[in-house]
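Structure record follows, encoded as structure tokens.
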Amino acid sequence: MSPMLSRRNLLQAGSGIVVGLSLSGGQVVGQTTDRLPAYLANNPRLDAWLRIDANGDATLFTGKVELGQGVLTALVQIAADELDLPIERFGVVSGDTRISPDEGPTAGSLSMPESGTAIQFAAAEVRHILLDAAARRLNVPMSVLRTTDGVVTSPDGRKITYGDLAGGEVLRREATGRRAPKPAASRRHVGHSVQRIDLPAKFQGEPAFLQDERPEGLLHGRVVRPPFAGARLVGVSDSQAAGMPGVVKVVRDGSFLAVIASDERQAMLARDALERAARWEGEAPEVSHETIHEWLKSRPSDDSRIFSKTDPAPAAERVHEATYRRPFLMHGSIGPSAAIALLDAGEYVITTHSQTVFSTAPAIAQMLGVPVASVRLRHAPGSGCYGHNGADDVAADAALLARSVPGRPVRVQWERRDEHAWEPLGSAMQIELRAGVDRNGDIVDWRCDLWSMPHSTRPGGEAGNLFAAQTLAQPFAAPPARAIPAPSYGPDRNAIPAYDFSRQEITTHLVRDTPVRVSALRSLGAHANVFAIESFIDELALAAAADPVAYRLRHLSDPRAIETIRRTAQSFGWDGFVRAPGRGRGIGFARYKNLAAYCAVCMEAEFSADSGVVTIVRATVGVDAGAVVNPDGLRNQIEGGLLQSISWTLKEEVRFASGRVLSDSWAAYPILKFSEAPPVDVVVIDHPDAPFLGAGEASQGPAAAALGNAVSDALGVRVRSLPLTPDRLRAAASGAIAPRGKH
Amino acid sequence: MPVSLDIDGEVVDVEASQDDLLLWVLRNALRKNGPKYGCGAAQCGACTVLANGIPIRSCVFPLSALADKKIETLDGLRAPDGGVHALQAAFILEQAAQCGYCSAGVIMTAAALLRANPAPSDQRVRQALDGNLCRCGSHNRVVRAVLRAADMMAGR
């Protein structure tokens, strides 16, 4: 891959995923490189990444943004190590399209492999440049100098600070990649648990979120959304709303209907009035959450054989089949999406919690019909982000409203029902698996057919992916959803098993019709694919009268996969497990995207036949994420992903009918509660000298699988459709529902 | 007509009507950062503040229901000596959040719990927090932080 790869090429290569892998995956820490890490090659100026002021304090510039995962802290740890400068002397500028290096989206568990590696090389080179400058000033060879806490010291005791060295043009040069980052043994911060730099403000009621920004003259916007997908606004009497106290303006553009008021509560009341006065027309597909899987299989699909393998192996003696299903799931951020926009002197400045500031800015510019250079996005933290939620859409809403009140900042705050009803959902999926086993019960044939709607409709520079833009009088049509290619994949993420089955055929049936909005939800298809594969493996182990852990190991050759499963099972006490009545245990494993972190989960679950309720007794999760930057941060991510996945798998299903999302409140879409969260033991398998592997989404799939397997073990019957609700489990346990699939 | 409110130990007059909801008055008129908008329907707990020591959902309470009540928000939460409250210190020590959006409501709910029950069990903490939603999966860290704060406050 050329180091001069342009941003456009990166996007075409699929969100930079392929590039990030090929460039960072092969680099061994502690060595130099002829090929710069991808985003450093795209933004080679060192002062685009690091600046040091006269006091010797550093500012780290990154295109990655804080989504609630501690990524900025981890990036500062990396820079602090390479620069020999304390963490507290760093400031961070993150996700500002005007001044941050374009590092693409903050997604796909790629921040450490991509940005971490880029910053590591940039900071190593900056330190070298400072050392070189010090050597000249002190007139000694560079090799005798030492750097500690931002001070360079010579053997004779003379000292010179980074602040003295970094003035002028010294960092205005391009990275070469010829300065090796430190070996693991010399790191003081990377590999050690460091407290997050952003949390104290959040715990002490200081301004920490986008929602806490209150610029002078702030106005408040609210948007009236259609009653169902595809509805057109055919009429509205806006006189009542326009005359309400505090209302500055009613904005209508086609089916985009909104109000701006000087007070937030007034904006809400005016929105309610507008909503009552609006008349809508349109038709929506007659499909609901109850019929979605039949509908999915009935639609035209783009079919692609993503993987096939035909190694020699014995013929199959028996064939097993099973079908697994996942419903639509929602991100369900606790804070609904919000944005602040200001049109001033021809420039839009939009404060957003988007994951994709660099590709959402041109999409908004296209919607507004202004040059890309006229739209600046700056990231500010919002509520936890687990994929493509309403963040980009509300940024577009705010821009449209700001256009009508130049000089005044407008904050648009989606209401809870907006977020629940209109955030792009994680697609429903159906996965049909078929396995042939030899006389020992070992798997020789593996066939997977999966049906799914798209898993990414991110803005990607196109106005047609912004909800508001689709509803304007001059609408932008939604472009066809981009396929996410190998090796990361989208609907088919982790559809290729980690196991060494001799003959394999994996086919994706991508259905582009969607009855509701869909896009990227944490781990994309991996949640459902790993649930299906790992459930099926357990069914095959049962048929072979084999222990599920031993059966998996029989089919694996990757030593890190084997070690992850072994250590997780050992820590859980798999072999000494004593079964209590009504209880079961389960395991799930995957290497996220087949290229990022390895993760195994063991769970013990208890089923109450009376209530149908599953109680998760305990969970153990093992993870190998390569070199670990912040062990406590990794544990937090892995445990958080596991608990979120338990919530999805046990409780969640978006109900909808005729284009209308019915799960429009927390009462209608319950999620995991404090009393339902099991104790979780996290086992971190560190490889300090290996490359960083992304871990932010690694536990979603294995957790779902371990849970499904533990529940099935407790029930004595397999349940293959999610979520594992009390009604469904009680029915399965009593034999009222015939299990799907044949044996 | 100004409405008089007792917030974080200060009596303040705000330009508002009696049927204005407390959350928006706190966030916009009084520029409090702690109480967060989450659902507007008392279903998620992000907006939790204390009224005479009792956790309430500020997103559904009109000012008229709060006359003569002492309101406490995260912004005003302090240790008796004016320093960082034990809950805030414990949340940092346990790194008890991911995004932190639910933290303000969680901490205020826990503050009320610890005043009523200075040595709660793990189970009691979970019960108290069951009306506060966390989407990032930080539940167990939060519970550990509340128990740790209880220990710190008791000098254990």
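Details
- Looking only at the range B:86-106, and only at residues there that are free of Cβ contacts under 8 Å to residues at least 40 places away in the same chain and more than 12 Å from B:R148 (Cβ to Cβ), the one that is nearest to the chain's Cα centre (by Cα): B:S103
- Of the residues making up the range A:384-393, those that are touching a strand residue (DSSP E or B) at 6+ places or on another chain (Cβ under 9 Å) and within 13 Å of another protein chain (Cβ to nearest Cβ) are A:Y386, A:G387, A:N389, A:A391.
- Number of the condition not met by A:V444 [criteria: (1) of a type outside the set (F, W, Y); (2) assigned by TED's automatic domain parsing to the domain that holds A:I537; (3) out of contact with any Ser or Thr (no Cβ under 8 Å at 6 or more places or on another chain)]: (3)
- Counting only strands (runs of 3 or more DSSP E) that fall entirely inside the range A:74-154 and contain at least 3 residues that are surrounded by fewer than 24 Cβ atoms within 10 Å (Cβ to Cβ), the qualifying elements are A:90-94, A:146-148.
- Which numbered condition A:K673 fails, given (1) in contact (Cβ under 8 Å) with a residue 24 or more places away in the chain; (2) of a type outside the set (A, V, I, L, M, F, W, C); (3) open to solvent by 10 Å² or more (accessible area, probe 1.4 Å): (1)
- Among the residues of the range B:86-93, not a single one is facing chain A (nearest Cβ under 9 Å) and under 15 Å from A:P678 (Cα atoms).
Matching residues to (1) in contact (Cβ under 8 Å) with a residue 24 or more places away in the chain; (2) more than 8 Å from chain A (Cβ to nearest Cβ):
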position	(1), (2)
B:G76	yes, no
B:G82	no, yes
B:P120	yes, yes
B:R126	no, no
B:D130	no, no
B:L147	yes, yes
B:A154	yes, yes
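- Qualifying residue in the range A:363-376 (condition: open to solvent by 40 Å² or more (accessible area, probe 1.4 Å), touching a strand residue (DSSP E or B) at 6+ places or on another chain (Cβ under 9 Å), assigned to a strand (DSSP E or B) and farther than 23 Å from A:G460 by Cβ): no
- Answer residue from the range B:132-145, given it is assigned to a loop (DSSP other than H, G, I, E, B) and farther than 24 Å from B:R27 by Cα and is farthest from the other protein chains (Cβ to nearest Cβ) among those: B:S138
- The number of residues in the range A:59-73 that are in a loop (DSSP other than H, G, I, E, B), hydrophobic (A, V, I, L, M, F, W, C) and open to solvent by less than 10 Å² (accessible area, probe 1.4 Å) comes to 1.
- In the range A:457-485, the residue that is most open to solvent (accessible area, probe 1.4 Å) out of those that are at pLDDT below 95 and within 19 Å of the chain's Cα centre (by Cα) is A:R482.
- Options A:V247, A:V236, A:V224, A:V190: the member that is closer than 18 Å to A:W422 by Cβ, more than 13 Å from chain B (Cβ to nearest Cβ) and either touching a helix residue (DSSP H, G or I) at 6+ places or on another chain (Cβ under 7 Å) or open to solvent by less than 60 Å² (accessible area, probe 1.4 Å) (or both): A:V224
- In the range A:678-725, of all residues being without any contact (Cβ under 8 Å) to a residue 60 or more places away in the chain and of a type in the set (A, V, I, L, M), the one that is surrounded by the fewest Cβ atoms within 10 Å (Cβ to Cβ) corresponds to A:V717.
The values are calculated or read from the model by the stated rules, or taken from the named source; none is laboratory data. Remember, predicted model here, so these are calculated numbers, not experimental data. All Cβ positions, glycine included, derive from the backbone under ideal geometry; neighbour counts span all protein chains shown. For accessibility, only protein heavy atoms count, side chains too; no ligands or nucleic acids. Shrake-Rupley method; radii C 1.70, N 1.55, O 1.52, S 1.80 Å.
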